Amino acid sequence: MTATNRTGHPVIRWIENGEETSARWRSESGLPPPAKVIVGDDRISADAAFRLARAGTALLWRGDFHNARQLLQALAVADRDQPVSRAMKDVDGAFDQGDPFIGAQVVA
């Protein structure tokens, strides 16, 4: 079940620095909020991010913009046997446009 705020909008929740944090979930494509999210930054390896993504865990990125782009490129290489999803194309396109924040994804 998706949590909602007082106005009925979906809310995402994650743990950061030992505290639960939440934000309103917005998805242009109408996707529901992810069920599980962890905070990721420049220290996460492509292999670890790939395993998390394959398990359905979303990453809330808190690192350097350029390192995030490199991680996305590494994930695309790791998953080259699979077709690139529309969501990945959308994220990569947002990076190409210089979008400083690509949407919060959070743990349930």
So, in the range 61-79, of the ones that are touching a Gly at 6+ places or on another chain (Cβ under 9 Å) and surrounded by 16 or more Cβ atoms within 10 Å (Cβ to Cβ), which residue ends up nearest to Arg51 (Cα to Cα)? Leu71
Looking at Ala58, Ala23, which is the one that is assigned to a strand (DSSP E or B) and touching a Pro at 6+ places or on another chain (Cβ under 7 Å)? Ala58
All but one of (1) among the β-branched types (Val, Ile, Thr); (2) at pLDDT below 90; (3) within 23 Å of Arg69 (Cβ to Cβ) hold for Val39; state the number of the condition that does not hold. (2)
Name the single residue, out of those in the range 1-30 being among the β-branched types (Val, Ile, Thr) and at pLDDT below 90, that is surrounded by the fewest Cβ atoms within 10 Å (Cβ to Cβ). Thr7
Can you tell me which condition Ala49 does not meet? The list is (1) more than 21 Å from Ala78 (Cβ to Cβ); (2) surrounded by 13 or more Cβ atoms within 10 Å (Cβ to Cβ); (3) modelled with pLDDT of 90 or more; (4) not acidic (Asp, Glu), and all the others hold. (1)
Quick one: is Val91 of a type in the set (A, V, I, L, M) and either on the phi > 0 side of the Ramachandran plot or at pLDDT below 65 (or both)? yes
Hits in the range 58-84 - residues which are among the basic types (Lys, Arg) and at pLDDT below 90: Arg80
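The values are calculated or read from the model by the stated rules, or taken from the named source; none is laboratory data. Remember, it's a predicted structure, so these values are computed and weren't measured experimentally. In this analysis, Cβ positions are derived from the backbone assuming ideal geometry, glycine residues included, and neighbour counts consider all displayed protein chains.
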